[in-house]
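Engineer: Here's a structure for you.
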Amino acid sequence: MTDEIRTDEKKVLSFEERSISLKIALTSITAALYVALGFISIPIGFLDIQFRIAEIVVGMCLIFPYEGLIGKVIGVFIVNLFSPLGLIDLISCVVNIPALYCIILFRGSSKLRYLGAILYANIISLYVAIILYISIGIQPVWLSFIKVLFSEVILAILGVAVFTYIDNKYILNR
């Protein structure tokens, strides 16, 4: 009986069952985590050779899909206010929505969730390469794409692995 209670205590309510205050709290935690990690990596978080540690937060979409998506979009907006590219980099908030949805779409399968991370990394890398070309003329676009993709794949897969571990360890999404 006590094991059943402990297991039930570890379960998280589905999106529909969560209160609005819990949804806001989870969204805020995601955004704050992204902003904190984003500010730490500002010196290496922009342009074509970037390693924005905050990208690990994409894994939050595995456990809390909608709160993770909205929180990350808010976090990206805040961090990109400090982008050397200027306001054009704020468009990335919109690009993050379909990219993050790739992670949400494949979160149910333990193997396909890594495919979601790779699709996410490809979408973000393509966007960054195009924006770098449009805003400051960095070319060739394909080379910028490869440079950004390298770090995005590493961080997205790491984020999926970390949040998969957290989900399994604490039985959050069952």
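The values are calculated or read from the model by the stated rules, or taken from the named source; none is laboratory data. Keep in mind the model is a prediction, meaning the values are calculated, not measured. Backbone-built Cβ (ideal geometry, glycine too); neighbour counts: all protein chains shown. Side chains included, ligands, DNA and RNA excluded: accessible areas come from the protein's heavy atoms. Shrake-Rupley method; radii C 1.70, N 1.55, O 1.52, S 1.80 Å.
Engineer: To the nearest 10 degrees, how steeply does helix 112-136 sit against the main Cα axis of the chain, on a 0 to 90 scale?
Structural biologist: That helix lies at roughly 30 degrees to the long axis.
Engineer: For the range 118-174, just the Cα set please: Rg and Dmax, both in angstrom.
Structural biologist: 15.2, 47
Engineer: Please report how many Lys pairs in the chain have alpha carbons closer than 28 angstrom, counting only residues at least 8 apart along the chain or sitting on separate chains.
Structural biologist: 16
Engineer: If packing is taken as the average count of other Cβ atoms within 10 Å, what order do 77-84, 33-40 fall into, highest mean first?
Structural biologist: Highest mean packing first, the order is 33-40, 77-84.
Engineer: Let me ask something additional. Lys and Arg at +1, Asp and Glu at -1: add these up for the other residues within a Cβ distance under 12 Å of Val76 and post the number.
Structural biologist: Around Val76, the surrounding residues sum to 0.
Engineer: Go through [x] 52, 40, 38; [y] 44, 36, 32; [z] 64, 32, 25 and flag the label whose value is the computed Cα extents along the principal axes in Å for this structure.
Structural biologist: Label [z] holds the value from this structure.
Engineer: Choose one of Ser21, Ser83, Phe145: the residue whose Cα lies farthest towards the positive end of the charge dipole of the chain (beta-carbon charges +1 Lys, Arg; -1 Asp, Glu; about the Cα centre).
Structural biologist: Phe145
Engineer: Let me ask another. Calculate, for the chain, the solvent-accessible area per residue in square angstrom, rolling a 1.4 angstrom probe over the heavy atoms of the protein chains.
Structural biologist: 52 Å²
Engineer: Given +1 on the Cβ of Lys and Arg, -1 on the Cβ of Asp and Glu, and no further charges, what dipole in debye does the chain carry about its Cα centre, rounded to the nearest 20?
Structural biologist: That gives the chain a dipole magnitude of about 160 debye.
Engineer: Show me 106-119, 57-70, 155-168, 130-143 ranked by packing, highest mean number of other Cβ atoms within 10 Å first.
Structural biologist: Highest mean packing first, the order is 57-70, 155-168, 106-119, 130-143.
Engineer: For the ranges 19-32, 92-105, what's the packing order if you count other beta-carbon atoms within 10 Å of each residue, average per peptide, and put the highest first?
Structural biologist: Highest-to-lowest ranking by the protection proxy: 92-105, 19-32.
Engineer: Within the range 84-125, what whole-number % of the accessible surface is contributed by carbon and sulfur, with the 1.4 Å probe and all protein chains included in the calculation?
Structural biologist: That share works out to 75 percent.
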